[in-house]
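Below is one structure, written out as structure tokens, with a few remarks after it.
Please treat every number below as a calculation from the coordinates, not as lab data. All values derive from a computational prediction rather than experimental measurement. Using ideal geometry, Cβ is built from the backbone for each residue, glycine included, and neighbour counts are taken over all protein chains shown.
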Amino acid sequence: MDIHVIPTKLDGVVIVETDFVRDERGFFIESYHKQRYAAHGLDAGFVQDNHSQSRCGVLRGIHYQDMSAPMAKLVRCTAGRILDVAVDLRAGSPTFAQFVAIELSAENMRQVYVPVGFGHAFLVLSDTADVQYRCTNYYTPPAEVCVAWNDPDIGIPWPLASAPALSLRDAKGMTLREYLRNPTFRYSDQL
């Protein structure tokens, strides 16, 4: 089995397609193989795996951890469907405030690698969705930061029929303009 790494318009954010076998019994996939990922430049040193389940219309993000505990993520949806979004938060980057949105599902088995310097969010499109993400740092609440999911300067066209279900933290995310007063990430830092 091998992996196929597909670049996006955001340098460092990539889609990972993994070979898998499907037959009448179900499927088999190697969801992570350190040597194969490293051969494609994804030698991230993961330390923690997370798993969330959410109902349709739940929107989580735009999250990141500051430089006291920076975190990259390898994200996959193992049940249901989500719209997964990465946003460039590296001040001075030629793609600053731009985003990529990729549908991840149990059916397509795609993964997205979101490096340090980018915010991450997702919206649940199916009745429920299980999202699993492998992280390069430990969850550290004092380092956790949230940018507003609906910031007009980012302009993510979320496919929503009604208001999303948000956590209190996500409902109070800072604007991109507030972020720029003291940006966490700078493109010149070569993250």
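Pairs of Cα atoms nearer than 8 Å and 6+ residues apart set the relative contact order; for the stretch 3-189 it is 29 percent. Among the chymotrypsin sites (Phe, Trp or Tyr not before Pro) in the stretch 125-176, those placed in a DSSP loop whose Cβ has at most 12 other Cβ atoms within 10 Å are Y138, Y139.
Which order do the peptides 182-189, 17-24 take when ranked by the mean count of other beta-carbon atoms within 10 Å per residue, highest first? Provide the component values of the computation, followed by the final result.
Working: 182-189: 15.1, 17-24: 11.0.
Those peptides, ordered most packed to least, come out 182-189, 17-24.
If you take every residue apart from T18 with its C-beta less than 11 Å away from the C-beta of T18, what net charge results, scoring Lys and Arg +1 and Asp and Glu -1? Its environment carries a net charge of -1. Using the Cβ of L42 as centre and a radius below 11 Å, the other residues enclosed give a net charge of +2, where K and R count +1 and D and E count -1. Sparsely packed loop sites in the stretch 101-191 (the GluC sites (Glu not before Pro) outside DSSP H, G, I, E and B with at most 13 other Cβ atoms within 10 Å) comprise E107. In plain terms, the chain from E178 to H40 could stretch by 46.1 nm, reckoned as 0.36 nm per residue minus the Cα-Cα distance.
Could you work out how far the C-alpha centroid of the stretch 99-154 sits from that of the stretch 1-56, in angstrom? Measuring centre to centre over Cα atoms gives 14 Å.
Could you compute the net charge surrounding F99? Neighbours are other residues with a C-beta less than 10 Å from the C-beta of F99; K and R count +1, D and E count -1.
Values: positive: K9; negative: D88.
Overall, the nearby charge balance is 0.
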